[in-house]
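S.K.: Dropping the structure in here first, questions after.
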Amino acid sequence: MKLPPFGLGHSLYRGNLHGHSTHSDGVFSAQDVVQKYVDLGYDFTCLSDHLWIDDKFAATSVFDGRTLDRKDFITLPSAELHCYGKTYDQDSLWHIVANGLPLDFACPDANETAPDLIARAQAAGAYVSLAHPEWYTMTTDEAMQVAGADAVEIYNHSCVLSSARGSGITIADYLLNEGKKISFTATDDSHFELPDWGGGWVIVAAAELSQNGLIAALKAGHHYASTGADFNDLQIEGGVLAVHTTPVDSIVVSGEGHLALACYGKNITAAKFDLSEFRSDWFRITLRDAAGKMAWSNPYFIGSLK
Ligand SMILES: [Zn+2]
Ligand SMILES: [Zn+2]
C-alpha cells in the first residue's frame, strides 16, 4: 500500500503555515507577504499574526486575507495564539499556531490556559501546532500538557536564523514515544527582518486548494515537511518499506527510543527497509541531501496501516 501523501489521487500543494505581516510584528503588509509566496511558486500561505492582548507585538483579531486570494493561490485564516504559563520564556508566553481559524475567533485573555486555548481552536476547526519547541526550551512535562495539539513544528526557519534553535524533533519524538499521535510541520515563521522566507514548508495532498480541503488533509496527516528535499513515493508491502526521493545522501527511518535504520550514498533516489523486526509502534522517515536540505515524513502508526 502507498503511504500518504501518496496514493490518494490528490494534487500536492506547497504552503507556509506560519508567518507574520504588519497586522502584528511583521515587516511587510499582508499583500506583500502574499506576493512573496506567489513569487516562490507556493500554492498557499498563512498570515498567522500574533493574537494576544499585548498590542506592542500582537493584534487582537484574526487577519482577513480573503481579498488577497487568487485563482491558484489562497491564504488560510490563521493566528499564532498566546497565553500565559510557559516556563523558560521571558514573557511567560506560550506560542501556538492555529491554521484555518474562523475570522471571529476571540483573542485569548490573561486567564486562558494553553490546553484550553488549543481545545478552543480545534473546536473552531483549526489545525493546531506547537510552535518552535526548541526556541523556548519546551520541557517534556509541558509537552504532555499540550499533547492535544495536532502537530509539532519540527523546523522553524526564522528560529534557525535568529537563534540557532529551530528544531522541534526531540519534543516530537518524546510525544510519539508517549503514544501521542501528532504530525509534523516545517515553517518559515517569516517576519521579513531576516531572510526568513522560503526556508521551511509543507507539501499537502488535498482534494482541492481550499481552506476545508487543506485543513482536512493536514488533520489527516496527508503531508510532509521540507526544507528542500522531496519524497516522490512511499509504499509498504509485506513489512518492507520502499522510499523514493529526489537525490539525497541519506534516508533514515526512525522509531521508538533509539531505533533507526539508515541508507547512505551519493545522490540516492530509492531505498528499501525491512521493518518486520522493527520493534516500534510507529516510524518516520528523514531525508538529507548533499546541500543539507531535508524532508521529514509524518509518523506512520503500524497499527493503522493494516
Ligand atoms: Zn512564536
Ligand atoms: Zn511566529
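S.K.: So what is the calculated 222 nm ellipticity per residue for the chain, using -39500 (n - 2.57) for each DSSP H run with n of 4 or more, over all residues, to the nearest 500 deg cm²/dmol? Display every interim value, and only then the final one.
M.R.: On the way: 6 runs with 51 residues, N = 306.
After summing the helix terms and dividing by the residues of the chain, the value is -4500 deg cm²/dmol.
S.K.: Using per-residue counts of other Cβ atoms within 10 Å, averaged over each peptide, order 167-175, 275-283 from highest down.
M.R.: Result, highest mean Cβ count within 10 Å first: 167-175, 275-283.
S.K.: Ranking request for peptides 24-34, 38-48, 82-92: highest mean number of other beta-carbon atoms within 10 Å first, then the rest in descending order.
M.R.: Numbers: 24-34: 18.6, 38-48: 20.9, 82-92: 15.7.
By packing density, highest mean first, the sequence is 38-48, 24-34, 82-92.
S.K.: To continue, here is another question. Quick check: at a probe of 1.4 Å, how many percent of the accessible area of the chain sits on carbon and sulfur atoms? Intermediate results must be reported in sequence, preceding the final value.
M.R.: Working: 6250 of 12680 Å².
So the carbon and sulfur contribution to the accessible surface is 49 percent.
S.K.: Relative to the first principal axis of the alpha-carbon coordinates of the chain, what is the inclination of helix 30-39, with its axis defined by its Cα atoms, in degrees from 0 to 90 and to the nearest 10?
M.R.: 20
S.K.: Also, I was wondering about something else. Taking amide hydrogens as modeled 1.01 Å from N in the peptide plane, which residues meet the under 5 Å criterion relative to residue 22, leaving out close sequence neighbours?
M.R.: 28, 29, 30
S.K.: Related question: How large is ³J(HN,Hα) for each residue in the stretch 4-19, as worked out from phi by the Karplus curve 6.51 cos²θ - 1.76 cosθ + 1.60 (θ = phi - 60°), to whole Hz, x for Gly and Pro?
M.R.: Residue by residue, the stretch 4-19 yields x, x, 8, x, 9, x, 9, 6, 9, 10, 9, x, 9, 9, 8, x Hz.
S.K.: Inverting the mean 1/r over all pairs of different Cα atoms, compute the Kirkwood radius of the stretch 11-226 and quote it in Å.
M.R.: Details: mean 1/r = 0.0598 Å⁻¹.
Here the Kirkwood hydrodynamic radius works out to 16.7 Å.
S.K.: Now a separate question. In debye to the nearest 20, how big a dipole does the chain give about its Cα centre with +1 on each Lys and Arg Cβ and -1 on each Asp and Glu Cβ? Show your work: numbers first, answer last.
M.R.: Details: 20 positive and 38 negative charges, 200 e Å.
The calculated dipole for the chain is roughly 960 debye.
S.K.: Could you tell me which of 148, 183, 105 has its Cα farthest along the dipole of the stretch 11-226 towards the positive end, charges placed at Cβ (Lys, Arg +1; Asp, Glu -1), taken about the Cα centre?
M.R.: About the Cα centre, the residue reaching furthest to the positive side is 183.
S.K.: May I pose another question? Among 41, 61, 29, whose Cα projects farthest towards the positive end of the dipole of the stretch 24-78, with charges put on the beta-carbon of Lys, Arg (+1) and Asp, Glu (-1)?
M.R.: About the Cα centre, the residue reaching furthest to the positive side is 41.
S.K.: Could you tell me the relative contact order of the stretch 11-226? Use alpha-carbon pairs under 8 Å, at least six residues apart, and round to a whole percent. Let's see the in-between values first.
M.R.: Numbers: 541 pairs, mean separation 43.5, N = 216.
Once normalised by length, the contact order is 20 percent.
S.K.: Using the alpha-carbon atoms, what tilt in degrees (0 to 90, nearest 10) does helix 114-123 show relative to the longest principal axis of the chain?
M.R.: It works out to around 80 degrees.
S.K.: Rounded to the nearest 5, what is the percent of antiparallel bridges among the DSSP beta bridges in the stretch 11-226?
M.R.: Working: 22 of 39 bridges.
Of all bridge pairs located within the stretch 11-226, approximately 55 percent are antiparallel.
S.K.: Still on this structure: Strictly over 28 Å apart at the Cα level, which of 181/272; 71/272; 71/181; 71/293; 56/180; 36/272 would you flag in this model? Let's see the in-between values first.
M.R.: Details: 181/272 25 Å; 71/272 40 Å; 71/181 34 Å; 71/293 30 Å; 56/180 35 Å; 36/272 38 Å.
Distance filter (> 28 Å) returns 71/272; 71/181; 71/293; 56/180; 36/272.
S.K.: Related question: In whole Hz and in residue order, list the ³J(HN,Hα) couplings for the stretch 22-29 that follow from phi through the Karplus curve 6.51 cos²θ - 1.76 cosθ + 1.60, θ = phi - 60°; x for Gly and Pro.
M.R.: These are the phi-based 3J(HN,Hα) values: 5, 4, 10, 10, x, 7, 9, 5 Hz.
S.K.: Less than 14 Å Cβ to Cβ from residue 30, Lys/Arg counted +1 and Asp/Glu -1: what total charge do the surrounding residues give? Don't jump to the answer; show the numbers that get you there.
M.R.: Values: positive: 36, 66, 70; negative: 25, 32, 49, 64, 69.
Combined, the nearby Lys, Arg, Asp and Glu give -2.
S.K.: Let me ask something else. Taking θ as phi - 60°, what are the ³J(HN,Hα) couplings along the stretch 65-70 by the Karplus curve (6.51, -1.76, 1.60), each to the nearest whole Hz, with x for Gly and Pro?
M.R.: Result, ordered by residue: x, 4, 6, 8, 5, 10 Hz.
S.K.: What is the packing order of peptides 200-210, 141-151, taking the mean over residues of other C-beta atoms within 10 Å and listing the highest first? Intermediate results must be reported in sequence, preceding the final value.
M.R.: Working: 200-210: 21.5, 141-151: 19.1.
Most protected by this proxy first, the peptides run 200-210, 141-151.
S.K.: Amide H of residue 63 versus every other amide H placed in the peptide plane: which residues, excluding those fewer than 5 positions away on the same chain, fall under 5 Å?
M.R.: 49, 78
S.K.: Could I ask something else about it? Treating only the Cα positions of the stretch 26-144 as identical point scatterers, give the base-10 log of I(q)/I(0) from the Debye formula at each q in 0.17, 0.18, 0.20, 0.22 Å⁻¹.
M.R.: For the stretch 26-144, the Cα-only Debye profile gives -0.86, -0.95, -1.11, -1.26.
The values are calculated or read from the model by the stated rules, or taken from the named source; none is laboratory data. The structure displayed is predicted, hence computed values, not measured ones. Note that we place each Cβ from the backbone using ideal geometry, even for glycine, and neighbour counts take in every protein chain shown. SASA here: full protein model, heavy atoms, side chains in, ligands and nucleic acids out. Shrake-Rupley method; radii C 1.70, N 1.55, O 1.52, S 1.80 Å.
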